[in-house]
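A short write-up of the structure that comes next.
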DNA sequence: AGGATCAAACTAACTAGTTGGTTAAACTTG
DNA sequence: CAAGTTTAACCAACTAGTTAGTTTGATCCT
């Protein structure tokens, strides 16, 4: 711990805020808890970050940026992308919760994220042949993300009953994306009306 | 509206609570807002439901029960199950949020839910041949749910860029589950290390 | 019938504790 | 000293939960 170092204090506050918001969300988070966890005074949070809202936004931006930067997108190899995303989520459970809170409490905080997704979709469109016709590349990306996130968003009640081994889960994710990419979406076999 | 009817008042309170908790979660919900939305006095909430916590639990139980009852499970036709689940989520966006809040704020409220999942897994195991080897039926269920929920959990930033038509999304979900059920999980084509 | 009685349903006002945010003073270092 | 950094004390607004009292409708008694 280094007192009298504004930059270090700012960083400590942000890290404590990430943990606090990940656990309790925006409404449940307490500024005093952030301050004491960061070994910083409460008022420093306001001098450095302005308000609880802005601190939350800073946390969200850091988390989203971290996720998109740490998991490079390979439009020509979506199973590998899914594997990287899966690995990242396993290694960073905090980001899973942050993202869930964001969807609920900041559904329209999308400036940065929309750009990230637009890039990925553009990359997919540039290749073109990845998915069969009948669905846009954005639709394919939705499914790939859903499968990659599957084990991160599964209710604990179900996760407790399933395979606990990471390797098995990972292989299942990769294989699922493989078959989704190879599948033909032009015609549905049955209608399931 | 019928005053002096305890049962009706209790119901109004629960309905208002569902809306309030769906929008704000547990920490963000305000008992006073529930009271005024239900056209009931605040203290009635405490006489009928005990506490904010118990009211939240009542809301969760109602929502979970509603979901599992409204979407019958057909272990021999998972694509149809996925279609029903998809339709239910489209028709009941409130339940989507309630479920998301539950995962974050009541991760261990699993008594009822664990039983629901156990039944589904047992039904899948009884059939046995549904999925290929290499994954348990619980693992398969995780993927089926992830795909069915895909459009409900997709970040708004991505959903805005994808196909907006429900029919298209539905067909994609059904087809995805089809190929997942037909797929062979014994061997992974590439390792994606 | 019609007034007295009673329990359940309901209400307004209040309490005790919490929370985001502020401020003025104090400390540290160049 | 002077600018930047840190702190403790403080405040106004809010919030879950309580309480003392009122209204209502049904039941009973004559």
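Observations, loosely collected:
- Just one of the listed residues (B:20, B:7, B:15, B:95) is assigned to a helix (DSSP H, G or I) and in the same structural domain as residue B:179 (by TED's automatic domain parsing), namely B:95.
- Taking the numbered list (1) away from DNA strand D (no atom under 16 Å from the Cβ); (2) part of a helix (DSSP H, G or I) in turn, residue A:76 passes all entries but (2).
- The listed residue being more than 16 Å from DNA strand C (Cβ to nearest atom), over 14 Å from the mean Cα position of the chain (by Cα) and surrounded by fewer than 17 Cβ atoms within 10 Å (Cβ to Cβ), out of A:62, A:123, A:91, A:80: A:123
- For segment B:161-189, the set of residues classified as assigned to a loop (DSSP other than H, G, I, E, B) and over 22 Å from the mean Cα position of the chain (by Cα) consists of B:161, B:162, B:163, B:183, B:184, B:185, B:186, B:187, B:188, B:189, listed by residue number.
- Test for residue A:56: is it in a helix (DSSP H, G or I) and touching a helix residue (DSSP H, G or I) at 6+ places or on another chain (Cβ under 8 Å): yes
- Checked against (1) within 13 Å of chain B (Cβ to nearest Cβ); (2) away from DNA strand C (no atom under 12 Å from the Cβ); (3) more than 17 Å from the chain's Cα centre (by Cα), residue A:9 passes all but a single condition, namely (1).
- Search result, residues across segment B:23-46 that are assigned to a loop (DSSP other than H, G, I, E, B), more than 11 Å from DNA strand C (Cβ to nearest atom) and surrounded by fewer than 17 Cβ atoms within 10 Å (Cβ to Cβ): B:30
- Residue A:98 crowded, with 21+ Cβ neighbours inside 10 Å and more than 8 Å from chain B (Cβ to nearest Cβ): yes
- For first residues located in segment A:19-36 and within 12 Å of chain B (Cβ to nearest Cβ) and closer than 17 Å to residue B:30 by Cα, partners that are assigned to a helix (DSSP H, G or I) and near DNA strand C (Cβ under 10 Å from one of its atoms) and lie 6+ apart or on another chain with Cβ distances below 7 Å form the pairs A:24/B:27; A:25/B:27; A:26/A:56; A:27/B:27; A:28/B:27; A:29/A:20.
The values are calculated or read from the model by the stated rules, or taken from the named source; none is laboratory data. Here the structure is a predicted model, which is why all the values come from computation and not from measurement. Note that each Cβ is placed from the backbone with ideal geometry, even for glycine, and that neighbours are counted across all protein chains shown.
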